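Single-structure report; data block below.
Readers should treat all values here as calculations from the given coordinates under stated rules, not as data from a laboratory. Not measured: the values here are computed from a predicted model. Note: ideal-geometry Cβ built from the backbone for every residue, glycine included; neighbour counts use all protein chains shown.
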Amino acid sequence: MMSLFVQVLISGLAIGAIYALIATGFSLLSQGSQTVNFAQGDFVVVPAFVMLAANSYGLPIWASFIVALVVAALVLGVLFKRLMVDPILPHGAMQLSIATMALSIVLQNGMLNAGGAQAFPFPGINGGLHFGNIFIDWQSVSILLAAVVAVTALNLFMGRTRIGRAIQASAQGPQVARLLGINVARMVLITFVLNAALVTLAALLVSPIYLVKFDNGIGIGLAAFSAAIIGGFNQVRGAVVGGLLLGVVQNFAATFGPTQYRDAVPMLLLIIFILFRPQGLLGRAEERRV
Amino acid sequence: MNQPHRVLPLALVLLLVAGLAGSVLKPYPIYLISLWAVYTISAIGLNLTLGFAGQISLAQASFVGFGAYATALLLPHGVPFGFTLVIGAAISFILGVLLGFPALRVQGHYLAFVTLALATIAFLVFRNESWLTHGTAGIDKIARPIPFTSDVAYMWLCLAALAVVTLGVWWLLRSPWGRAFLALRENPVRAASLGVDVRTYTLLAFAIGAGLGGVSGALFAPLGQYIEPSEFALPLSFSLLLMVVVGGSGSFLGPFLGAMVSVALPEVLRSFQDYYLLIYGVIVILLLVFSPDGIVGIIARGVARLRPTDAPVEPKP
Amino acid sequence: MSVVLEARDLHRHFGGVKAVNGVSFAVEEGEILGVIGPNGSGKSTLFNCLLGQIPPSTGQVLLDGKDVTGMKPIELNRRGVSRTFQLLQVFPQLSSRENLILAGQEHIGSRMKRLFGRPDAGLSAAADRMLEQFKLSHVAALPAGGLSYGQQKLLDAAMAFMAGPRLVLLDEPAGGVNLSLLGSFRERLRAMNAQGGSTFVVIEHNMDFVMSLCTRVMCIAEGKVIANGKPDDVRNDPTVIEAYLGH
């Protein structure tokens with residue numbers, strides 16, 4: 001029982017760490033440019049397909065990852081901002097959200113037509129380590145490590161570098177930032193590229209577990225929205241806490257509860273948090289209205 | 001185009017033309033016209049909630065589901081169709097009131113997420129509670145009410161239902177309620193200071209919108225004579241929301257046009273086969289970029305250009 | 001004459017800041033009470049406490065002798081309290097006439113009767129009379145968003161009178177209104193006060209407007225009432241002058 005508990009906890013933390021990466025990107029966008037991206041889940045599946053394609057042309061997986069990073073930065077970062085966010089945001093944040101719902105349809109059907117409806121296997125890491133009767137798989141360990149490194153690097157970048165501080169200043173008060181001589185438009189663009197990098201990393205980590213399927217983005221997206229809201233919408237730290245919490249709760253519910261209602265867990269948490277603690281675990285009360 | 005009394009005759013003529021065209025057409029177009037009428041009813045409901053009262057809902061598909069399952073499950077027990085329709089609408093209306101409560105606490109994106117979460121849970125219930133809903137196997141051989149068993153007759157029934165809904169919503173929107181909904185959307189604080197009961201009207205906006213979703217579902221079940229859970233999952237909610245936005249959120253004719261695009265586009269783009277949803281998505285995005293007030297907005301600007309003496313069309317704030 | 005509105009020792013603190021710090025006053029039927037004070041003196045917070053937008057920390061608000069402390073804006077509105085906001089708050093997409101009908105409709109009949117009754121809730125004639133009184137008849141059918149700022153300000157004020165209120169609280173009615181319009185605006189408000197027998201409380205920065213409109217003026221500084229009396233007395237009160245010059 002103890003061994004099962006530890007295993008469920010670790011794999012829950014691993015999947016939660018991936019949610020955290022996706023939710024962090026989601027929060028960055030909503031904080032930095034009022035973009036509430038309903039296609040965020042699909043944004044994870046797109047680079048996964050790019051990696052698979054590059055890999056099938058003979059590139060090793062690390063090189064495929066770099067290709068996917070570049071493609072994501074251009075398409076999901078720069079083009080997404082220039083072609084959709086910039087023209088639609090002036091009409092209203094809700095209009096933009098609705099447009100990202102349409103984008104979700106576009107991306108899913110694009111991937112369906114390009115790749116087909118089957119779930120593609122994705123190279124991962126096998127094996128693990130036994131501690132007595134507790135088995136710890138390398139897959140989960142490497143996911144946790146990669147996520148910790150990524151979140152730490154992001155935090156250092158945001159807190160310690162000039163650009164990072166400029167991004168934060170732009171998100172908190174664009175007008176003041178402009179007076180300080182910060183190029184706010186560029187900072188927002190960097191935020192979009194950061195989100196693209198985060199979803200690409202998430203794609204690399206999640207695909208060996210969930211495989212690559214055109215409509216995986218629905219479930220991933222719902223989990224990421226929940227993680228972001230549980231942690232505190234508009235809070236990057238919150239997204240990490242929310243992601244980990246959600247991953248663990250979901251994994252325990254799936255193991256010990258009725259499997260057919262596994263997907264209801266993040267939804268119930270989301271509803272409870274929005275109604276009773278809309279500022280999230282780490283947010284302050286004033287931040288609840290977007 | 002936001003003035004219901006000006007465009008009501010237009011909407012009713014549209015229905016009549018659709019029906020007459022359907023009567024001389026082959027079975028498949030008849031099915032499409034019926035489907036259009038059914039979707040339009042649901043989109044009119046959502047437009048009331050979203051477009052006029054300003055409350056976003058991603059749960060409209062669930063209400064279509066409640067209406068459809070109520071009809072499909074009650075008909076075999078000998079309950080007449082008229083009653084199953086009323087029961088389905090009533091269930092949706094009551095659950096719509098409950099859906100409205102979150103809107104009293106949160107707005108905007110938060111409300112979108114709560115309704116999305118509730119819609120996901122409703123879908124899981126449709127799928128998992130097979131003792132009631134027959135699960136993923138679905139319910140087949142759903143009978144059409146006598147004497148509307150033929151395709152053409154059932155199409156006329158759907159169009160008649162849409163006509164009744166159109167008249168009802170027209171009446172509602174020009175009544176003080178319509179004014180209160182608009183006040184709710186534009187400025188709830190000011191509305192409350194004028195005695196508009198924001199709480200009650202918010203719940204009503206959800207409940208009426210949901211109730212129309214239920215009516216739509218009740219008509220949907222006997223149309224294809226088969227239903228299964230995935231038809232009432234999130235994609236239908238998104239699709240209905242996009243119908244409202246494509247047609248023109250907050251305009252009386254919007255849902256008619258939005259639903260028409262949604263139903264007709266797969267047929268128009270038949271040669272593109274699987275790509276039509278992709279193309280549909282791109283069209284929606286382009287519309288949001290270039291005409292945020294939808295097709296109705298394009299038409300209104302076109303009409304204004306043809307009649308330069310009229311006052312210029314006010315852009316929405 | 002009876003007391004319509006009474007505040008008893010109102011306090012409102014935000015953290016350590018005492019925005020309203022022990023305010024007591026009474027307004028009698030038919031009065032036009034002006035509330036003045038330098039920026040940040042606590043006028044707006046006082047108004048918000050009176051109107052149920054934020055509950056006072058301690059103290060009481062009485063309407064016709066009944067305790068209405070902390071009551072929500074809509075409940076106060078049902079009891080005959082009407083208001084305008086500092087910023088313009090008309091409904092830009094509705095016509096001027098529709099704005100006025102909206103302002104009156106919730107006070108007539110039951111909600112169900114309103115749904116099945118006449119679309120204008122029987123208020124068209126009353127709305128047109130109000131438009132005439134505020135010299136807005138020529139823009140009755142135009143969307144309020146298309147009116148000039150001064151016209152919108154008039155409409156905004158007119159909306160406060162549609163439900164035949166017992167008490168009207170006007171938050172900077174003259175703010176931003178063209179000088180040439182101010183005189184007639186003041187006459188409109190005077191006329192409404194005279195004919196309806198209703199009572200006004202007015203926050204206003206424009207000293208000439210306050211002094212010429214109000215029957216009594218109260219000055220607030222640092223959350224306290226420092227003067228309360230006839231307009232001329234308050235205008236010449238040394239503590240009032242000091243409060244304005246000292247900050």
Query raised in the report: Roughly what angle does helix A:184-210 make with the longest principal axis of chain A, taking Cα atoms, 0 to 90 degrees, to the nearest 10?
Result: 10
**Report entry** Separation of the A:R277 and A:A114 label points, Cα + 7 Å toward Cβ, nm
**Finding:** 4.0
Requested in this report: Please build a GNM for chain B, connecting alpha carbons under 10 Å apart, and tell me which residue among B:G294, B:G217, B:G108 fluctuates the most.
Outcome: B:G108
Query raised in the report: What ranking, highest mean first, results for peptides B:225-235, A:243-253 when packing means the other Cβ atoms within 10 Å averaged over each residue?
Result: A:243-253, B:225-235
Query raised in the report: For the charge dipole of chain C, defined by +1 on Lys and Arg C-beta atoms and -1 on Asp and Glu C-beta atoms about the Cα centroid, which residue among C:L100, C:T215, C:G196 has the Cα displaced farthest towards the positive pole?
Result: C:L100
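Please sort B:236-245, C:177-186 by packing, taking for each peptide the average over its residues of neighbouring beta carbons within 10 angstrom, highest first. List each step's numbers first, then the result.
Numbers: B:236-245: 25.7, C:177-186: 14.5.
Highest-to-lowest ranking by the protection proxy: B:236-245, C:177-186.
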Query - Dipole of segment B:166-233, positive direction: furthest Cα of B:T202, B:A218, B:A180, with charges on the beta-carbon - result: B:A180
Report summary line: Row for segment B:161-285, column shape: gyration tensor on C-alpha, a ≥ b ≥ c, rounded if a/c < 1.5 i.e. under 1.5, prolate if a/b over b/c, else oblate; value prolate
**Report entry** Shape of segment B:87-206, Cα gyration tensor, a/c cut at 1.5
**Finding:** oblate
**Report entry** Kyte-Doolittle mean at least 0.0 and Cα axial length at least 24 Å: DSSP H helices in chain B
**Finding:** B:4-23, B:27-46, B:81-105, B:108-128, B:151-174, B:198-224
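What is the average number of partner chain Cβ atoms found within 10 Å of a Cβ in B:279-288? Show your work: numbers first, answer last.
Details: counts 2, 4, 11, 5, 2, 7, 12, 4, 2, 11.
What the average comes to for B:279-288 is 6.
For an R0 of 51 angstrom, estimate the FRET efficiency from the Cβ-Cβ distance between A:L74 and B:R199 and round to the nearest 0.05.
Numbers: r = 48 Å, r/R0 = 0.94.
About 0.60, to the nearest 0.05.
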Requested in this report: Please report how far the C-alpha centroid of segment B:227-289 lies from that of segment B:47-117, rounded to the nearest whole angstrom.
Outcome: 20
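Dipole magnitude of the protein assembly as shown about its Cα centre, charges +1 at Lys/Arg Cβ and -1 at Asp/Glu Cβ only, in debye to the nearest 20? Before the final figure, lay out each step's value.
On the way: 55 positive and 43 negative charges, 78 e Å.
The dipole magnitude comes to about 380 debye.
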Report task. Please give, to one decimal in nm, the separation of the simple spin-label points placed at B:Y28 and A:I136, each 7 Å out from Cα toward the Cβ. Result -> 6.1
Requested in this report: Specify the angular offset, from 0 to 90 degrees and rounded to the nearest 10, of the alpha carbon long axis of helix A:2-33 from the longest principal axis of the alpha carbons in chain A.
Outcome: 10
Query raised in the report: segment B:10-43 to segment C:108-131: how many Å between their Cα centroids?
Result: 37
Requested in this report: Please identify, among C:V81, C:V17, C:V210, the residue showing maximal mean-square fluctuation in a Gaussian network model of chain C using a 10 angstrom Cα cutoff.
Outcome: C:V17
Report task. With label points built 7 Å along Cα→Cβ from the Cα atoms of C:I241 and C:S2, find their separation and express it in nm. Result -> 4.1
Report task. On a 0 to 90° scale, report how tilted helix A:162-172 is relative to the longest principal axis of chain A, with both axes built from alpha carbons and the result rounded to the nearest 10. Result -> 80
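How much FRET efficiency would the formula 1/(1 + (r/R0)^6) give for B:V164 and C:D9, where r is the Cβ-Cβ distance and R0 is 60 Å, rounded to 0.05? Could the numbers behind the result be given before it?
Working: r = 59 Å, r/R0 = 0.99.
The pair B:V164/C:D9 has a calculated efficiency of 0.50.
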Query raised in the report: Just how large is the dipole of segment C:1-140 about the Cα centre, in debye to the nearest 20, putting +1 at every Lys and Arg Cβ and -1 at every Asp and Glu Cβ?
Result: 420
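So which of C:K66/C:K230; C:K72/C:K230; A:K81/C:K153 end up more than 30 Å apart, counting from Cα to Cα?
On the way: C:K66/C:K230 27 Å; C:K72/C:K230 32 Å; A:K81/C:K153 40 Å.
Distance filter (> 30 Å) returns C:K72/C:K230; A:K81/C:K153.
How would B:T40, C:T84 line up from fewest to most surrounding beta-carbon atoms within 10 angstrom? Could you put the intermediate results ahead of the total?
On the way: B:T40 33, C:T84 24.
Taking fewest neighbouring Cβ atoms as first place, the list is C:T84, B:T40.
Tell me, what is the percent relative contact order of segment B:207-265, built from C-alpha pairs under 8 Å that lie six or more residues apart?
Rounded, it is 20 percent for segment B:207-265.
Can you compute the charge dipole magnitude of segment A:154-290 about its Cα centre, using +1 on each Lys and Arg Cβ and -1 on each Asp and Glu Cβ, nothing else charged? Give it in debye, rounded to the nearest 20. Present the calculation step by step, with values, prior to reporting the outcome.
Numbers: 12 positive and 4 negative charges, 103 e Å.
Here the size comes out at about 500 debye.
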Query raised in the report: Which distance in Å, rounded to a whole number, links the C-alpha centroids of segment A:99-174 and segment A:40-92?
Result: 13
Query raised in the report: According to the square roots a ≥ b ≥ c of the eigenvalues of the Cα gyration tensor, what is the shape class of chain B, taking rounded for a/c under 1.5, prolate for a/b larger than b/c otherwise, and oblate for the remainder?
Result: oblate
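Report the antiparallel proportion of the DSSP beta bridges in the protein assembly as shown as a percent, rounded to a multiple of 5.
Details: 28 of 44 bridges.
So the antiparallel bridges in the protein assembly as shown amount to around 65 percent.
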